[in-house]
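The values are calculated or read from the model by the stated rules, or taken from the named source; none is laboratory data. Owing to the predicted nature of the structure, the values given are computational and were not obtained by experimental measurement. Cβ atoms come from the backbone with ideal geometry, glycine included; neighbour counts cover every protein chain shown. What goes into the accessible areas is simple: the full protein's heavy atoms, side chains included, and nothing from ligands, DNA or RNA. Shrake-Rupley method; radii C 1.70, N 1.55, O 1.52, S 1.80 Å.
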Amino acid sequence: MTEDSDDRLYEDENQEWIDSIDYIIQNEGPKRVHEIIELIRNRAVNSGVPFKMRLNTPYINTISSENEVPYPGNRDLERKIKSIIRWNAMAMVVQANKKKEGIGGHISTYASAATLYEVGFNHFFRGWEGDKPADIVYYQGHAAPGIYSRSFLEGRLSEEMLKNFRRELNPKGGLPSYPHPRLMENYWQFPTVSMGLSPIMAIYQARFNQYLQDKGLLQESGQKVWAFLGDGEMDEPESLGAITLASREELDNLIFVVNCNLQRLDGPVRGNGSIIQELESAFMGAGWHVIKVVLGSNWDPILQKDKKGLIQKRFGEMVDGQLQKISISKGDYVRREFFGANPELLALVEDLSDEELAKLQRGGHDSVKVYNAYKAASGHKGSPVVILALTIKGYGLGEAGEGQNITHQQKKLNEDELHHFRDRFNIPISDETLAEAPFYKPGEESEEIKYLKSLRKTLGGFVPYRNQEMPDFKMPASEVFEEFLHGSGNREIATTMAAVQLLSKLLKDENTGKLIVPIVPDESRTFGMDALFRQVGIYSHKGQLYEPVDKDNLLFYKETHNGAILEEGITEAGSMSSFIAAGTSYSTHRINCIPFFIFYSMFGFQRIGDLIWAAADARVKGFMLGGTSGRTTLAGEGLQHQDGQSHHYAMTVPVIQAYDPAFAYELAVIIREGMKRMYLEGKDEFYYITVMNEKYVMPDMPMQKGI
Ligand SMILES: Cc1ncc(C[n+]2csc(CCOP(=O)(O)OP(=O)(O)O)c2C)c(N)n1
Ligand SMILES: [Mg+2]
């Protein structure tokens, strides 16, 4: 047979397979489709065909236009509002750099993400409603100007503050570069600009929300955790390092939105590959539900004509570097380089002009597509969801940087460029004042402002919003601490043992018992905490689906639905993220959780220092206990016991109160005082206490009069 007839034979054979699967899709539904595909794959594997799984779907939208729901808002008004927000966000950075050369700030990140945020603000992000806690949103740090710009229209931030972007110490008010809960204490909840911390914090936050519900401390209210992330950011190990936890724990309260503008700071994220396809396989492999939003609505009619799937095939051949080039090219280039690859593909767009081809939109800039993705994600059950949205970095900047490799660093626009921006987004600013890039805000009675405020009202209030109200707190009964004030007599005990005994008592205390959150990265036995397994249980949303091997032991490995211990496994970064979620729950949930994170001191500050710094910025409360600390403890066992430096690191975090107690009574005094200061008096600090394994006789507290 010739190659030609071979091809024809395959074409017929392919068609038969497609017809069969079409029949199943139409008559038996998706579940059956999965079963059949699995059956066929297993057959191939069992027959010795080496199978390389490609966990990818075609490069088109996961939600097809037939499955879309109509947009619930007024698109015209929303477009106007978004354009004004885009303008002011840009103007904030341009003005700041006019005043002071090199003051920095970012224009292009928000420019690419504006639709992703605006659909969220208008239709999804919930504020506090009575007792129902607000959604928790992690914003891309560099998109801050866009978030400020929206709050300006909402009347939450003054023009003076915008004028003083990056000059937050100005007496008339100003705005910090990035999300910072200490610099804007009733606004930002989490510091997110250190890349990679948002994704891991968001995962453990979502899990912590579920933990609070399972423990009976929080009502299920549909509260979501949203994390807005950069595609370049996904290269940080923390970004992908915990994604299997999210699916294992079936966190359907968690939504990642990855802004895939295909660029990071220096250039393309994957010039020679495809970041969207790469992330899709990683997340799908980890068990997440993936929603791709790659094509805008003006692709729909072309897709409908494309019976052979030529468009998805062509996208499959394109590397990101080329897609980036196409994003800024004129229509004739798009026709030649994209559609020209195949005469049939070219024919699909023969009735479109070059202008229309140049305007073919990316999904992440299309509110209808983004809305549908968010809607599907919010209703999805059984697993976390990641939305991969294709956008253009610096969207709308035109010659000033749209899709250019320099765009991330673009901080200034000349008059021509401002002209272009103003015209493209229809901002009513006159030619005379344009050069100053003035801010623009429609009047309070304008349709735009009324509309935007009414939508936020429906959703429960403004976000970002950080709740500063401290819930009431009752100290543990004094007996809890009493025993430690007396010496241990002849008994030799280590401070670690004293800490665990104290923890055990706190867990039984009427006032604090339910609020204590022990967190441990697989070292409970090392620290003699295994007695707590039985006492309070290891938290597992699924309970215990097996009979533990040590069931007959008194201290068996008890996993339970309402367990108190967060046994994180070997991940200090994950444990610290849990610590942050628990230690900020006084604000995010109005519940005074008191986390105790117990770890090998060697693997604390020097390993996860950035997360500890983030905890400090997030105004966390709680106790970090560095175990087996000190150069004398178990020194023979090697380097993991040779910490003499963690207190040096601790000193660099101004809000950490660090102690290295030698005696049990000191420990009790520090913990009692810490609780009082943090939870009763509302002090913004947290504690680092080193504990040791050396056993010796604990003395009485000197001049003991009770505490
Ligand atoms: C841990 C860390 N390393 C480096 C940076 C500096 N930095 C800021 S933005 C940026 C590029 C961001 O690219 P991407 O995540 O794709 O976001 P985009 O702006 O494209 O949306 C870099 C490297 C940082 N903020 N955090
Ligand atoms: Mg990017």
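Table for the structure above
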{"read-out": "Charged-residue dipole, Cβ positions (Lys, Arg, Asp, Glu), the chain about Cα centre, Debye nearest 20", "value": "1760 debye"}
{"read-out": "Neighbour-limited loop hits for trypsin sites (Lys or Arg not before Pro), the range 39-70 (at most 15 other Cβ within 10 Å; DSSP other than H, G, I, E, B)", "value": "Lys52, Arg54"}
{"read-out": "Solution diffusion estimate, µm²/s, Stokes-Einstein, the range 608-690, Kirkwood Rh from C-alpha pairs, 20 °C, viscosity 1.002 mPa s", "value": "158 µm²/s"}
{"read-out": "Semi-axis lengths (Å, descending) of the ellipsoid that matches the C-alpha gyration tensor of the range 359-451", "value": "32, 21, 11"}
{"read-out": "Mean-position separation - Cα centroids, the range 156-173 and the range 200-231, in angstrom", "value": "32 Å"}
{"read-out": "Antiparallel DSSP beta bridges within the chain, as percent of all bridges there, nearest 5", "value": "10 percent"}
{"read-out": "Theoretical FRET efficiency, 1/(1+(r/R0)^6), r = Cβ-Cβ of Lys330 and Lys99, R0 25 Å, to 0.05", "value": "0.10"}
{"read-out": "Farthest toward positive dipole pole in the range 315-388 [+1 Lys/Arg, -1 Asp/Glu at C-beta], among Ser327, His365, Ser378", "value": "Ser378"}
{"read-out": "Accessible area per residue in Å² at 1.4 Å probe, computed on the chain", "value": "43 Å²"}
{"read-out": "Whole-angstrom Cα spans of the chain along principal axes, big to small", "value": "93, 75, 46"}
{"read-out": "Quarter of the Cα convex hull surface for the range 455-593, i.e. its orientation-mean projected area (nm²)", "value": "12.0 nm²"}
{"read-out": "Span from the the range 531-561 Cα centroid across to the the range 1-77 one, whole angstrom", "value": "43 Å"}
{"read-out": "Within the range 252-303: Cβ-based charge dipole about Cα centre, in debye rounded to nearest 20 (Lys, Arg +1; Asp, Glu -1)", "value": "100 debye"}
{"read-out": "In order through the range 237-245: 3J(HN,Hα) via Karplus (6.51 cos²θ - 1.76 cosθ + 1.60), integer Hz, x for Gly, Pro", "value": "x, 5, 5, 9, x, 10, 5, 6, 4"}
{"read-out": "Computed [θ] at 222 nm, deg cm²/dmol, the chain (DSSP H ≥ 4; -39,500 (n - 2.57); rounded to nearest 500)", "value": "-12500 deg cm²/dmol"}
{"read-out": "Normalised contact order of the range 609-689, rounded percent, pairs of Cα under 8 Å and 6 or more residues apart", "value": "42 percent"}
{"read-out": "Range of Cα positions in the range 1-132 per principal axis (Å), largest first", "value": "74, 44, 30"}
{"read-out": "Farthest toward positive dipole pole in the range 420-555 [+1 Lys/Arg, -1 Asp/Glu at C-beta], among Pro464, Leu555, Ser504", "value": "Leu555"}
{"read-out": "Contour excess over end-to-end distance, with Cα ends at Asn511 and Lys695 and 0.36 nm allotted per residue", "value": "63.1 nm"}
{"read-out": "Centroid-to-centroid separation of the range 563-595 and the range 642-703 [C-alpha atoms, Å]", "value": "19 Å"}
{"read-out": "Estimated vicinal HN-Hα couplings, Hz - the range 99-108 in sequence order (Karplus 6.51, -1.76, 1.60; Gly, Pro = x)", "value": "5, 9, 3, x, 6, x, x, 10, 9, 6"}
{"read-out": "Additional length obtainable on full extension of the chain from Ile25 to His419, 0.36 nm per residue less Cα span", "value": "136.7 nm"}
{"read-out": "FRET efficiency, 1/(1 + (r/R0)^6) with R0 22 Å, evaluated for Asp522 and Val549 via beta carbons", "value": "0.85"}
{"read-out": "Added length on full extension, which subtracts the Cα-Cα distance from 0.36 nm per residue, Lys172 to Glu492", "value": "109.2 nm"}
{"read-out": "Charge context of Glu681, other residues only, Cβ under 15 angstrom, K/R +1, D/E -1", "value": "+2"}
{"read-out": "Rg and Dmax [Cα atoms of the range 176-330; Å; Rg one decimal, Dmax integer]", "value": "18.5, 58"}
{"read-out": "Largest-first principal axis extents of the Cα set of the range 1-78 (Å)", "value": "61, 32, 27"}
{"read-out": "Global form of the range 528-602, assessed from the alpha-carbon gyration tensor, a/c cut-off 1.5", "value": "prolate"}
{"read-out": "Cα lying deepest toward the dipole's positive end in the range 57-191, options Gly173, Ile60, Leu116, charges on Cβ", "value": "Gly173"}
{"read-out": "Calculated FRET efficiency for the pair Glu35/Lys441, C-beta based, R₀ 56 Å, to 0.05", "value": "0.50"}
{"read-out": "Share of carbon and sulfur in the accessible heavy-atom surface of the range 480-538 [1.4 Å probe, %]", "value": "44 percent"}
{"read-out": "Label-point separation in nm, Glu350 to Asn426, each point 7 Å along Cα→Cβ", "value": "3.5 nm"}
{"read-out": "Ranked by how many other beta carbons lie within 10 Å on average, peptides 387-395, 652-660 from highest", "value": "387-395, 652-660"}
{"read-out": "Cα radius of gyration and Dmax for the range 281-421 (Å)", "value": "17.0, 52"}
